[in-house]
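No lab work stands behind these numbers, since they all come straight from the coordinates. Everything numeric in this text was worked out from a predicted model, so none of it was measured. Every residue, glycine as well, gets a Cβ built from its backbone with ideal geometry; the counts of neighbours run over all protein chains shown.
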Amino acid sequence: MKYGYFDEAGREYVITRPDTPEPWANYLGSPEYGAIISNQAGGYSFVRSGANGRLLRYRFNSVPADQAGRYIYVRDRESGDYWSGSWQPVGKPLDLYRSECRHGLSYTVISSSYSGISTETLYLVPLGKTYEVWRLKIRNEGDRKRTVSVFGCAEFTNDSNYEQDAVNLQYTQFVTRTCFHRNRVLQLHNEFCRRNADGSNGEERFFGLSGAPVSSWCGDREEFIGPYRSYENPIAVERGDCGNVPNYGGNSAGVLQADLDLEPGEERQLCFVLGVHPDAEAEKILSEYEDPHCIETQWEELKDFWEEKLCRFSVHTPDENFNHMVNTWNAYQCFITFIWSRAASFTYCGLRNGLGFRDTVQDIQGILHLVPEMALERIRFMFSGQTFFGAGLPLIGFHHEPGHVKLPGEPGYDYDPYRADDALWLFPTVAQYIGESGNIRFLDEVIPFADHGEADVYEHLRRAVRFSLEHSGAHGLPVGLYADWNDCLRMGEQGESVFVAFQLYQAMQILLDFARIRNDLDTVSELEEQSRKLRKTLNDVCWQGDRYLRGIRESGEMVGSRDDPEANLWLNPQSWSVISGCADEERAQNALETVHLRLNTEYGAVIMDPPYREHAFDGARMQLFLPSIKENGSVFSQAQGWLILAESLMGHGNRAYEYYRECSPAEQNDRAEIRRLEPYVHGQFVEGPQSPHKGRAHVHWLTGTASTVMVACVRGILGIRPTAEGVLIQPSVPSDWKEFTIDKFYRGKRLHITVKNPNGAQGGPVRIALNGETLPDSLVPFGQLENENELVVTMPGVEPTK
Ligand code: GLC
């Protein structure tokens, strides 16, 4: 079933059927003022922190679903009939009520049409502002005069800490009140505490209206809704009058009513504005929206802001869905994960007050091909979360103070122990950053460690490698510590992780490149020796003829061994054996073939198989989950990105594309009833074949899948791999892509790349003509670029050996 379509020109996803299987969401604003909104206008807002700056309430995982929200009600004053500007919460019958939701880049437009009245509500946070605007256009589509009332409604939290607001009712129910001034409801919180000279304690919220006088208002949720009613039928709307009631100690809300007379064809515009500002500022903000053009200009600014970022990389391939994802939606999701980390969605309630090390370092990769300069600050920040001894801190708090952080094991430290993989993610991220930006001097930049001391980036990286080498087990592979990438796999202090071993191998190859550039010969010879040893162990001890193991336990027992009754084949070691460059051609072919035979499903490859039921060991915590769910054998979506990349690096364009399509949200646009999640964003995982809900996806928006699949598309399928010297171009595409184009901004230059594939190749060597001159190999040296460049890349049709 299909609920909407991609509007490429507008970079919008248009939901034409409002009864989507789940609320389909979008993000507004920035970390200074952020909001999440569904196609039913459900969702919440927050200032800086989803956990501690919560302004609007949202009842997660509740019934009725997806409430509260940014609701606008319309009531016909003649008939008494009323509805909402989004289908829910009133939920008029869909044969009478038409609705469309356009999720765009940081804005959402929801329109309705019912009984001769149409509405269009634009929701956005203007660029650089710390409040949100709901711009309503309401129009009489009929040929007789209509009298209507419009109600805008926001349910405030009573405490900006989400958890307190939800559970500490003996306190939070008694600390706020609301009042009304001219065109706005004000909510005051702990009113007589912490006041500055102006009488403000910085916690005043307002909900105001511009564009029409307020005819009545309400500041009390219960008064608005009425006893034993809900947002579907609030008593104040039914009655057509909000009663001008404040809240004193109970649940605060902001509700504003405007009565409008609409001549045939007449349209009116109102703006509701919501934010955390003292009254005088609220007054000023609201007055700006008396000018009807103000919001329109702000909307244009927002669109320009995104266009300027996304236009830096765009593709035109024969596959429209691929284009939608790479050009707009996957890219946008990468920005959202980069900006919001795992802070706030309909699944994450906002309680994680910091940046997960691996998650964030991975997220950065998703935007590097667009805005390397924007990534730099965050890369620095992550390095400052690395300890003097080279490990990454599992979580870097928002109030991180490099040089003063308590470490795992020290008194006062209150998060997880070290994990084996965190700092190793820095290597591909830094290499990609340098490739995109050309800023090789970044390696010399001095950055403090989390606990004490400082060093240049090169030394930070050396210590990360050393940390892994010093924490190795009986076979010389890195130990698993608290977990590796897989949060549920605890190999322990002595048990070894094959996935981390491949990461370490990759890290050493990247560091070797840097060491050679810097002529650091001691490091070069040490790394050559260590990589040789590691590679030998991986291939001698961990290779089983058709697969690599997942790990070796302290007892010497193998995890992911062919004879295990359960979990005898794991996806990540196979893809990473290729990505790291550790597997030779034959093993790489073999391992990937085993994956295809054993793990692939119509929704991608499962993370391992069979799922644990009876034979899990102590550290295999995925057994907590049902088979085919999450880490226990689902199609874990992030891992699809690595598989696509691995197949691409092998030149297996058809396979890479097959996996891409299986996991691409856009590909399932017409199977939304199965996938359920937004068809324009990746989720964390998809239920595997042993679940009765095979194909159902979960944990929308904030997931490492976004960046990993993005990297797989850009560096893998499209084969655009910038290095310090220039851009290496090595596409690996389905053999029926006969021609496609890529437009890329690269260090201030423009590249217009046409890839020709007359013989239906799926990878292999290419011939490149740069501005008419044939290059000797597949590297386009930066020094040879003009400001504008025409590149013709010809795939000559050499098939991979398989
Ligand atoms: C989740 C976590 C991520 C972890 C993955 C696998 O996506 O956010 O950090 O690597 O699960 O366990």
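Under 25 °C and 0.890 mPa s, how fast does the range 229-332 diffuse according to Stokes-Einstein, given a Kirkwood radius computed over C-alpha pairs? Answer in µm²/s, whole number. Diffusion coefficient, whole number: 130 µm²/s. Electrostatic tally near THR337: other residues with Cβ closer than 10 Å to its Cβ, Lys and Arg +1, Asp and Glu -1, net -1. Rounded to whole numbers, the Karplus 3J(HN,Hα) couplings from phi for the range 76-91 are 7, 6, 6, 8, x, 5, 9, 8, 10, x, 10, 4, 8, x, 6, x Hz, using 6.51 cos²θ - 1.76 cosθ + 1.60 with θ = phi - 60°, and x at Gly and Pro. In the distance distribution for the range 729-802, Cα-Cα pairs more than 19 Å apart total 32 percent.
Around PRO246, with a cut-off of 11 angstrom between Cβ atoms, what is the net charge of the other residues, counting Lys and Arg +1 and Asp and Glu -1? Charge balance in the 11 Å sphere: -1. Toward the positive end of the charge dipole of the range 653-791, with +1 on the Cβ of Lys and Arg and -1 on the Cβ of Asp and Glu, the farthest Cα among ALA706, VAL755, PRO692 is that of PRO692. Considering Cα pairs under 8 angstrom that are at least six residues apart, work out the relative contact order of the range 338-395 and quote it in whole percent. In percent, rounded to a whole number, it is 33.
Antiparallel beta bridges, as assigned by DSSP with both residues in the chain, represent about 95 percent of the total such bridges.
Here the Kirkwood formula, the inverse mean of 1/r across different C-alpha pairs, assigns the range 638-773 a hydrodynamic radius of 16.1 Å. For the range 53-64, backbone phi angles converted through the Karplus equation (6.51, -1.76, 1.60; θ = phi - 60°) give residue-by-residue couplings of x, 6, 10, 10, 7, 8, 9, 5, 6, 10, 10, x Hz, Gly and Pro being listed as x. Rounded, prolate or oblate: which one fits the range 388-477, using the alpha carbon gyration tensor with axes a ≥ b ≥ c (rounded when a/c is under 1.5, else prolate when a/b beats b/c, else oblate)? Oblate. Please label the shape of the range 351-441 as rounded, prolate or oblate, based on the square roots a ≥ b ≥ c of the eigenvalues of the alpha-carbon gyration tensor (a/c under 1.5 means rounded; beyond that, a/b larger than b/c means prolate, else oblate). Since a/c reaches 1.5 and a/b is larger than b/c, the shape of the range 351-441 is classed as prolate.
Across the chain, C-alpha contacts under 8 Å between residues 6 or more apart give a mean separation that, scaled by the residue count, equals a relative contact order of 9 percent. Looking at the range 166-299 alone, DSSP beta bridges between its own residues are antiparallel in about 95 percent of cases. Distance from the Cα centroid of the range 209-238 to that of the range 46-123 is 14 Å (rounded to whole angstrom). With just the Cα atoms defining each centre, how far is the range 648-698 from the range 138-174? Give it in Å. Value for the Cα centre distance between the two parts: 37 Å.
Using θ = phi - 60° in the Karplus curve 6.51 cos²θ - 1.76 cosθ + 1.60, the 3J(HN,Hα) couplings for the range 629-639 round to 10, 6, 5, 8, x, 7, 7, 6, 5, 4, 5 Hz; x is entered for Gly and Pro. Taking a ≥ b ≥ c as the square roots of the eigenvalues of the alpha-carbon gyration tensor, the range 540-624 is classed oblate because a/c is 1.5 or more while a/b is no larger than b/c. Can you give the charge dipole size of the range 1-93 about its Cα centre, rounded to the nearest 20 debye, using +1 on the beta carbon of Lys and Arg and -1 on the beta carbon of Asp and Glu? Here the size comes out at about 340 debye.
Farthest towards the positive end of the charge dipole of the chain, among the residues GLY354, PRO278, SER497, is the Cα of SER497, using unit charges on the Cβ of Lys, Arg, Asp and Glu. So what's the angle, to the nearest 10 degrees on a 0 to 90 scale, between helix 372-383 and the longest Cα principal axis of the chain? Roughly 80 degrees, rounded to the nearest 10. The smallest convex shape that holds all Cα atoms of the chain, its convex hull, gives 173 Å³ per residue.
The range 512-527 and the range 545-610 have Cα centres lying 32 Å from one another.
Assigning unit charges at the beta carbon (Lys, Arg +1; Asp, Glu -1) and nothing else, what dipole magnitude in debye, to the nearest 20, does the chain show about its Cα centre? Charge dipole of the chain: 520 debye, to the nearest 20.
Placing unit charges on the Cβ atoms only, positive for Lys and Arg and negative for Asp and Glu, gives the range 605-707 a dipole magnitude near 140 debye about its Cα centre.
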